[in-house]
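Data block below; observations after.
The values are calculated or read from the model by the stated rules, or taken from the named source; none is laboratory data. Since this is a predicted model, take the numbers as computed values, not measurements. All Cβ positions, glycine included, derive from the backbone under ideal geometry; neighbour counts span all protein chains shown.
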């Protein structure tokens, strides 16, 4: 394949990834693309291929397995050792240790507190007028929840927002990803030391003391896990709430349907996850050997991205995939991944989404979009699919 045939994932892709995904699913379902920095990667866009790839052990997560001689920036390397970047048996060990402190029971116990945080945020908003829903609601809700769960001071949440935006975006941020990662690693190092000296009833303290058959998290693994849980614990939920609200505002019939029947909420959250795809593609995988996907042979030592957003709108899996149907059977959607790396925080994200949408529609039944849809911009990231702002008119 010549370089001219390689799809460029540029700003046009960022602003409308589904147009690119639809074309690739039809013409080149497994193909090479170029990331904004120019790096060529293989992209998988059809549902059946994506689901299989996410569970294929030949697609490994730890790049050091095949590029032992390579290295990362020091700041980024400090946050790189977590279960999303490891393979069995290390992955299994890390997930077991985290799962001991991140149980479904502990998540369900958060429901009253999530409801309380949501109510306080909505109460602080004016009864009428225009606001940007992202900074006043979509962002503070999940970041407050994950900070409280982990035992991270809530007053630092704006710093986390700036750091994660810098690390996940490919341009447009005042600090570089490397500088943001270095600052974040330094903050986490100090936080872990303080928490070790002054343990509390929170997830970070539990992670510090968690053991499995005498094993425990190393200092580097603690930093990496903190990074993963904090970023993954709020970033995707911010975009679920923001993009999901936009999808409802553009479909008043579905919004009225949900407002009238709250029993639709669990299914509605999954449908909005399927449709909006807060994450465009899964994080990097690498071929440990030549791997055939969808009839295309990918050589060994190649990076592969599984396009979750493309898979979730594959018409072979979901009829009329570009329509929002809150009563749709969304079984098998890949918003939280598939296989051993399935998102550990999925129950928390779903619960936050249910509470957020129910409370928002109840508090502001006449809410409308306060800007032309075509004027809205999406953040400069191929990984994250999230709005830069969401101006709404409250009533």
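A few notes on this one:
- Condition met for residue 332 (part of a loop (DSSP other than H, G, I, E, B), surrounded by fewer than 18 Cβ atoms within 10 Å (Cβ to Cβ) and under 18 Å from the mean Cα position of the chain (by Cα)): yes
- Residue ID - farthest from the chain's Cα centre (by Cα), chosen from residues in the range 299-314 that are crowded, with 17+ Cβ neighbours inside 10 Å and assigned to a loop (DSSP other than H, G, I, E, B): 302
- Single residue of the range 104-135 satisfying the filter (loosely packed, with under 13 Cβ neighbours inside 10 Å and over 20 Å from residue 357 (Cα atoms)) that is nearest to the chain's Cα centre (by Cα): 104
- Across the range 98-142, the number of residues qualifying as out of contact with any strand residue (DSSP E or B) (no Cβ under 9 Å at 6 or more places or on another chain) and in a helix (DSSP H, G or I) comes to 26.
- Considering (1) over 21 Å from the mean Cα position of the chain (by Cα); (2) more than 30 Å from residue 10 (Cβ to Cβ), the lone condition that residue 175 does not fulfil carries the number (2).
- Output for the range 308-320, where each listed residue is out of contact with any strand residue (DSSP E or B) (no Cβ under 9 Å at 6 or more places or on another chain) and touching a residue at least 24 places away in the same chain (Cβ under 8 Å): 312, 313, 314, 316, 317, 318
- Residue match in the range 271-282 (condition: within 25 Å of residue 382 (Cβ to Cβ) and without any contact (Cβ under 8 Å) to a residue 12 or more places away in the chain): no
- For residue 317, the test of being within 27 Å of residue 228 (Cβ to Cβ) and buried (at least 17 other Cβ atoms within 10 Å of the Cβ) is failed.
- Single match in 20, 98, 30 (criterion: more than 23 Å from residue 170 (Cβ to Cβ), modelled with pLDDT of 95 or more and in contact with a helix residue (DSSP H, G or I) (Cβ under 8 Å, 6 or more places away or on another chain)): 30
- Close pairs (6 angstrom Cβ cut-off, 6 or more residues apart or separate chains): farther than 22 Å from residue 108 by Cα in the range 345-371, part of a helix (DSSP H, G or I) anywhere: 361/259; 363/122; 369/249
- Qualifying positions in the range 157-201 - assigned to a loop (DSSP other than H, G, I, E, B), surrounded by 15 or more Cβ atoms within 10 Å (Cβ to Cβ) and in contact (Cβ under 8 Å) with a residue 60 or more places away in the chain: 169, 170
- Residue check for residue 45: at pLDDT 95 or above, surrounded by fewer than 18 Cβ atoms within 10 Å (Cβ to Cβ), out of contact with any strand residue (DSSP E or B) (no Cβ under 7 Å at 6 or more places or on another chain) and on the phi < 0 side of the Ramachandran plot: no
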